[in-house]
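This report concerns only the one structure given below.
The values are calculated or read from the model by the stated rules, or taken from the named source; none is laboratory data. Since the model is a prediction, treat every value here as computed from it, not as a measurement. Neighbour counts are summed over all protein chains in view; Cβ atoms, including those assigned to glycine, are modelled from backbone coordinates with ideal geometry. The area values use the complete protein model at the heavy-atom level, side chains included, leaving out ligands, DNA and RNA. Shrake-Rupley method; radii C 1.70, N 1.55, O 1.52, S 1.80 Å.
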Amino acid sequence: MATLLLLRHGRTTANADGGLAGRQPVELDETGRAQASAVGERLRALPFAAVVSSPLVRCRQTLELALPQASPELDDGLIECGYGTWEGQPLKKLAKEPLWPVVQQHPSAAVFPEGEAMAQMAARAVAAVRARDARVNAEHGPEAVWLACSHGDVIKAIVADALGVHLDLFQRIVVDPASVTAIRYTPLRPFLLRLNDVGGDLAGLVPPPGKRRRRTGRRADSDAAVGGGAGAAR
């Protein structure tokens, strides 16, 4: 099956200042721009069948620096959670709000004032990547690799779905700025190949042609060995 690489945008001015950006048009800071350029060195050798992005400027800037030759398609399904009146406020102030412990410990019940429910964000993000992955697989074949640039909470929600864990556990997942996370969906279950990768070689995520041919007549990707191991990531 096709392989999805999830790229979080680089550090922003809001990240540096300890604020909650939400859907505001915050841009990458100097560190974020350097992060985007650095991750581009790891990504440019990969043959992406598609590159898609959240429409927010920080994701578009990240891809402009990382993959300047790409023409990303914008996908509203990948946009940041709508934090409503929380957007633009310091995290230190928000941590005193009654809703804060709900967001941290029971996020599936969190609905931001004048904003989006976290469960709604998770559902639309997962639906967006699963639908896109099926399209890439149908159009480009099971060896295709594609990239989606999005936001921390969005990527964490997609990872939680891939792991089969409840949204209430997604705050245990860490997704740093400019990190790469890789997921391969199969007919029976997804496999998490990489998580929060900030420096590894990504070339191994592309299936070698020889291995593609040898799959004929053998077990499907979804029939991984019990307990995981190398076979589960193929």
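Results, tabulated for the structure shown:
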| item | result |
| --- | --- |
| Per residue solvent-accessible surface (Å²) - the chain, probe of 1.4 Å | 47 Å² |
| Computed label-point distance, nm, for sites ALA203 and ALA119 using a 7 Å Cα→Cβ extension | 4.6 nm |
| Selection from THR186, ALA14, LEU63 lying farthest towards where the dipole of the chain points positive, charges on Cβ | THR186 |
| Spin-label zone in region 11-30 - amide nitrogen under 14 Å from a point set 7 Å from the Cα of TRP100 along the C-beta vector | 18-20 |
| Carbon/sulfur fraction of accessible area - the chain, other protein chains in place, 1.4 Å, % | 52 percent |
| Part-to-part distance (alpha-carbon centres) for region 136-196 and region 32-104, which is given in Å | 14 Å |
| Relative pair counts by distance (%), Cα atoms of the chain, 10 Å bins | 8, 33, 36, 18, 5, 1 |
| Listed residue (SER108, PRO98, ALA134) projecting farthest to the positive dipole end of the chain, Cβ model | ALA134 |
| Mean Cβ neighbour count within 10 Å, used as a protection proxy, ranking 145-158, 53-66 highest first | 145-158, 53-66 |
| Spherically averaged projected area in nm², based on the convex hull that wraps the Cα atoms of region 161-211 | 4.7 nm² |
| Cα-centred dipole magnitude for the chain, charges only on beta-carbon of K, R (+1) and D, E (-1), debye, nearest 20 | 1040 debye |
